[in-house]
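The values are calculated or read from the model by the stated rules, or taken from the named source; none is laboratory data. Please read these numbers as outputs of a predicted model, since none were measured by experiment. Methodologically, a virtual Cβ is constructed for each residue, glycine included, from the backbone with ideal geometry; neighbour enumeration extends over all protein chains shown. Surface accessibility is based on the protein's heavy atoms, side chains included, excluding ligands, DNA and RNA. Shrake-Rupley method; radii C 1.70, N 1.55, O 1.52, S 1.80 Å.
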Amino acid sequence: MTGPAPWTPGEAGPDVRKHAPATLRNRDAILIELRALLPASGTVLEVASGSGEHIAYFAPLFPALTWQPSDPDAAALASIAAWTDGMANVRPPVRIDAAAPQWPVDRADALFCANMVHIAPWAASTGLMAGAGRVLAAGALLILYGPFVQDGVETAASNLAFDRSLKDRDARWGLRSVAAMAEAGAAHGLSLTERIEMPANNLMLVFRRQ
């Protein structure tokens, strides 16, 4: 039996369950870090859940946590619901546009967002920080994963090529700098406390709500 075909967010297709190939490549490396970072209990809000494959993989491994998936895309919401059907600790997905001034979730004990900020306008990054500032309690974490640019660190050729391809698709997209993300977070009471080197020239950025 074959799985769903690879999918780019925003595209329609015959299968309700979408497949983002990167999730299979990065989920175990992300899992290692989440085990050290996530609280023992509470609610984890995932912003930009995409296909839903990340949350479908992580939720059974953290049964004491309640997972709240979200996405702005209708096809993604349907895919998330399909992938997580029957999972007792996953809530139905909700529509969240990271850039929106209000979200339909008013609190969370952690916020996770993977591979969003470079395939969205900068307003999505600043909106993500504003939203995290609203929903996270003091001491709670915002965990970001993806490719970033670091001051004083040579950017891998593959990431430079990826950045060019993103900007060719949409001039508002592109790899964000760690410094810019830290500045955006600080404006909403979020301090960058860790930057963790991840496989394939990616980073995990950990922000703590003050």
Q. Are there any pairs with C-beta distances below 7 angstrom linking a residue in the stretch 162-174 that is free of Cβ contacts under 8 Å to residues at least 12 places away in the same chain to a residue that is open to solvent by less than 30 Å² (accessible area, probe 1.4 Å), with the two at least 6 apart or on different chains, and if so which?
A. Lys167/Gly174
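Go through the stretch 91-108 and give me each residue that's of a type outside the set (Val, Ile, Thr), open to solvent by less than 40 Å² (accessible area, probe 1.4 Å) and either closer than 27 Å to Arg25 by Cβ or in contact with a strand residue (DSSP E or B) (Cβ under 9 Å, 6 or more places away or on another chain) (or both).
Step one: of the stretch 91-108, the residues of a type outside the set (Val, Ile, Thr) are 91-93, 95, 97-104, 106-108.
With the extra rule that they be open to solvent by less than 40 Å² (accessible area, probe 1.4 Å), the set shrinks to 93, 98, 100, 103, 108.
If the condition is that a residue be of a type outside the set (Val, Ile, Thr), open to solvent by less than 40 Å² (accessible area, probe 1.4 Å) and either closer than 27 Å to Arg25 by Cβ or in contact with a strand residue (DSSP E or B) (Cβ under 9 Å, 6 or more places away or on another chain) (or both), then Pro93, Ala98, Trp103, Ala108 are the ones that fit.
Does Ala88 qualify as being among the aliphatic types (A, V, I, L, M) and either open to solvent by 60 Å² or more (accessible area, probe 1.4 Å) or within 15 Å of the chain's Cα centre (by Cα) (or both)? Before you say what the answer is, go through the steps one by one.
Working: among the aliphatic types (A, V, I, L, M): yes; either open to solvent by 60 Å² or more (accessible area, probe 1.4 Å) or within 15 Å of the chain's Cα centre (by Cα) (or both): yes.
When the stated conditions are applied, Ala88 passes them.
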**Q.** Ala88 in a loop (DSSP other than H, G, I, E, B) and within 26 Å of Ile32 (Cβ to Cβ)
**A.** yes
Q.
Would you confirm, using the coordinates I've provided, whether Arg176 is within 16 Å of His118 (Cα to Cα) and in contact with a Pro (Cβ under 6 Å, 6 or more places away or on another chain)?
A. no
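How many residues, within the stretch 42-61, are free of Cβ contacts under 8 Å to residues at least 60 places away in the same chain and on the phi < 0 side of the Ramachandran plot? Write out each step before concluding.
Filtering the stretch 42-61 down to residues free of Cβ contacts under 8 Å to residues at least 60 places away in the same chain leaves 49, 51-53, 55-61.
Cutting the leftovers down to on the phi < 0 side of the Ramachandran plot gives us 49, 51, 53, 55-61.
Residues flagged as free of Cβ contacts under 8 Å to residues at least 60 places away in the same chain and on the phi < 0 side of the Ramachandran plot within the stretch 42-61 amount to 10.
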(Q) I want to confirm something. Restricting to the stretch 163-186 and keeping residues that are outside any helix (DSSP H, G or I) and open to solvent by 80 Å² or more (accessible area, probe 1.4 Å), which single residue is nearest to Ile143 (Cα to Cα)? (A) Arg172
Q | Leading residue by the ranking (nearest to Leu128 (Cα to Cα)) among those in the stretch 51-73 that are open to solvent by 40 Å² or more (accessible area, probe 1.4 Å) and touching a strand residue (DSSP E or B) at 6+ places or on another chain (Cβ under 8 Å) | A | Pro72
Q) Is it the case that Ala124 is closer than 23 Å to Asn26 by Cβ, open to solvent by less than 50 Å² (accessible area, probe 1.4 Å) and modelled with pLDDT of 95 or more? A) yes
Q.
Just to be sure I understand, how many residues within the stretch 137-161 are in a strand (DSSP E or B), buried (at least 19 other Cβ atoms within 10 Å of the Cβ) and in contact (Cβ under 8 Å) with a residue 40 or more places away in the chain?
A. 8
